[in-house]
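Read the structure below first, then the notes.
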Amino acid sequence: MRRQRRPAFLITLLLVVFAVWVSGCERGTKTRGAKAEARQASNMLEVGPFPDAPVFLISIDTMRSDHLPVYGYDKVKTPAFSALADQGIVFEHAYSQVPLTFPSHTSILTGQLPIHHGVRDNQGYSLDVHAHPFLPLLLKAHGYVTGGAVSAYVLRGATGLAKGFDFYDSNLKPRMGDNLATVQRKGTETEQVALNWIDQHHQKPLFFFLHLYEPHAPYAPPEPFKSRFSLPYDGEIATADSIVGDYLRHLKDLGLYDRSIIILLSDHGEGLGEHGENQHGMFLYRDTLQVPLIIKLPGEQLAKRRVKAPAELVDVFPTVCQLLGIKPPKELDGHSLFTLMVPDPPERALYAETYYPRIHCGWSQLTSLIKGHYQLIYGPTPQVFDLAADPGIGRERGRA
């Protein structure tokens with residue numbers, strides 16, 4: 001991959017921009033006044049609203065976007081994901097706010113950065129859903145029944161998440177000595193819990209959050225996927241695709257699929273040995289930050305659209321609000337993804353962080369800012385990457 005020179009003044013400039021931007025976030029300052037909101041509204045693609053449309057949020061834990069055929073990968077087949085992409089909108093450059101399961105899902109469901117919702121790690125934190133915007137609670141206030149079923153212990157109801165749902169199933173019981181980050185149940189079991197609940201409530205406006213832990217480590221795909229793929233990680237992606245395919249077929253059998261808003265994403269990616277990280281949480285390179293994001297609209301509106309402008313997971317909450325015709329809470333840090341689908345989308349600063357190295361290793365936390373085609377990773381040795389010159393995930397070479 002070609003490496004370009006990056007002048008020192010650019011690094012200095014980005015460091016200054018980063019420091020100012022983060023300090024503004026930490027003070028809780030908002031720049032969205034009436035004029036800013038009007039400007040955003042005028043620069044947004046008009047779509048919907050779809051009042052009372054069923055909303056299905058599907059999170060596939062630890063899935064890198066560059067390991068899917070939708071994003072150009074050819075070593076695994078994912079017919080369900082690919083079919084959903086053909087019927088929906090694909091965001092080609094979507095980023096997580098933190099490469100850890102609980103903090104990332106908190107950002108998705110609150111529409112807030114970790115700076116604001118306060119969840120910095122999988123352990124030792126909880127969320128007060130009544131102290132922050134929380135998508136299931138907002139939808140409940142607008143007549144929805146809300147359900148969730150998760151496959152990882154780190155998303156158990158005791159974290160506070162369950163208090164925001166009418167129904168939340170996290171029936172996982174770790175044994176003495178288990179690594180809590182790897183305590184999981186099979187996605188097929190979680191899917192069945194989800195479908196049982198949906199069968200009982202599909203006559204009402206409903207929101208359901210389905211979380212699958214494939215392809216999180218340890219990678220142990222079942223047959224026939226174990227034998228089909230040389231990389232066990234890819235075998236687990238194929239397993240997740242099969243589960244999602246069954247899930248979506250059931251929605252079709254219930255007559256829900258065509259009129260639903262379906263959002264498929266991942267909370268973060270996976271290192272796979274690149275940049276010296278086998279899994280995730282320690283660093284903020286794109287192999288653990290860049291994730292798939294696909295949205296299918298009712299009636300397959302805007303099908304086959306691909307969006308190149310950078311998106312972030314905190315954008316999901318305000319996007320659902322726009323699609324349903326609900327006024328979004330002012331405390332949200334994200335913006336509707338339809339602001340990215342206009343001819344001249346606004347250039348934004350996308351924030352990410354990890355406190356894992358500080359909490360678990362006594363090192364420094366890391367923060368990241370992506371603006372334009374540059375990424376700054378700020379830590380003891382700051383790095384800047386030119387994402388246009390080094391487009392391959394996992395192949396960036398920065399300049400300290």
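Quick note: the coordinates plus some simple rules give every number you see, no bench work behind them. Keep in mind it's a predicted model, so treat the numbers as computed, not measured. Neighbour counts run over all protein chains shown; Cβ positions are idealised from the backbone, glycine included.
Report the Stokes-Einstein translational diffusion coefficient (µm² s⁻¹, integer) for segment 330-396, Rh taken as the Kirkwood radius over Cα pairs, at 20 °C with viscosity 1.002 mPa s.
Calculated translational D: 152 µm²/s.
How big is the gap, in Å, between the Cα center of segment 360-382 and the Cα center of segment 181-240?
32 Å
Quote the relative contact order of segment 55-348 in percent (integer), defining contacts as alpha-carbon pairs under 8 Å separated by 6+ residues.
32 percent
Select from Gln123, Tyr95, Pro136 the residue farthest towards the positive end of the dipole of segment 93-187; place +1 on Cβ of Lys and Arg, -1 on Cβ of Asp and Glu, and compute about the Cα centre.
It is Gln123.
Order by neighbour count: Cys361, Cys321, fewest other Cβ atoms within 10 Å first, most last.
Cys361, Cys321
Among 90-101, 151-162, what's the highest-first ranking by average C-beta atoms within 10 angstrom per residue?
Per-residue Cβ counts within 10 Å, averaged per peptide and sorted highest first, yield 90-101, 151-162.
Label segment 65-153 by shape, choosing from rounded, prolate and oblate, from the square roots a ≥ b ≥ c of the eigenvalues of the Cα gyration tensor; if a/c is under 1.5 it is rounded, and otherwise prolate applies when a/b is larger than b/c, oblate when it is not.
Prolate shape, in that a/c is at least 1.5 and a/b is the bigger ratio.
Using 0.36 nm per residue of separation minus the Cα-Cα distance, give me the extension gain between Lys204 and Arg228 in nm, one decimal.
4.6 nm
Which of rounded, prolate, oblate describes segment 222-329, given a ≥ b ≥ c as roots of the alpha-carbon gyration tensor eigenvalues and a/c under 1.5 marking rounded, otherwise prolate only if a/b is larger than b/c?
Since a/c reaches 1.5 but b/c is at least a/b, the shape of segment 222-329 is classed as oblate.
When the dipole is taken about the Cα centre of segment 55-348, and only Lys, Arg (+1) and Asp, Glu (-1) are charged at their Cβ, what size is it in debye, to the nearest 20?
In debye, rounded to 20, segment 55-348 gives about 500.
With the cut-off at 30 Å, tell me which of the pairs Lys186/Lys296; Lys77/Lys204; Lys173/Lys252; Lys77/Lys327; Lys163/Lys186; Lys163/Lys308 have Cα atoms farther apart than that.
Lys77/Lys204; Lys173/Lys252; Lys77/Lys327; Lys163/Lys308
Return the long-range amide H neighbours of Tyr95 (sequence gap of 5 or more, or a different chain), with a cut-off of under 5 Å between placed amide H atoms.
The answer is Val291, Ala311, Glu312, Leu313.
Explain nothing, just compute: Karplus ³J(HN,Hα) = 6.51 cos²θ - 1.76 cosθ + 1.60, θ = phi - 60°, for every residue of segment 139-153 in order, whole Hz, x for Gly and Pro.
With the stated coefficients, segment 139-153 comes to 5, 4, 5, 9, x, 8, 9, 10, x, x, 9, 10, 10, 10, 4 Hz.
Indicate, rounded to the nearest 5 percent, the antiparallel portion of the DSSP beta bridges found entirely in segment 55-348.
25 percent
Taking amide hydrogens as modeled 1.01 Å from N in the peptide plane, which residues meet the under 5 Å criterion relative to Val307, leaving out close sequence neighbours?
Answer set, sorted by chain and number: Val90, Phe91, Glu92.
Of Gln301, Thr190, Thr239, whose Cα points farthest to the positive end of the dipole of segment 55-348 (charges on the beta-carbon: +1 Lys, Arg; -1 Asp, Glu; origin at the Cα centre)?
Working it through, the farthest residue towards the positive pole turns out to be Gln301.
Rounded to whole Hz and in sequence order, give me ³J(HN,Hα) for segment 318-326 from the Karplus expression 6.51 cos²θ - 1.76 cosθ + 1.60, θ = phi - 60°, writing x for Gly and Pro.
Listing the rounded values in order: x, 5, 4, 4, 4, 5, 9, x, 9 Hz.
Which whole-Hz couplings ³J(HN,Hα) result when phi for each residue of segment 90-97 is put into the Karplus expression 6.51 cos²θ - 1.76 cosθ + 1.60, θ = phi - 60°, listed in order with x for Gly and Pro?
Working through the residues one at a time gives 10, 9, 6, 9, 10, 10, 7, 8 Hz.
Using only the Cα atoms of segment 55-348, build the gyration tensor, take square roots of its eigenvalues as a ≥ b ≥ c, and label the shape rounded, prolate or oblate: rounded if a/c is under 1.5, else prolate if a/b is larger than b/c, else oblate.
rounded
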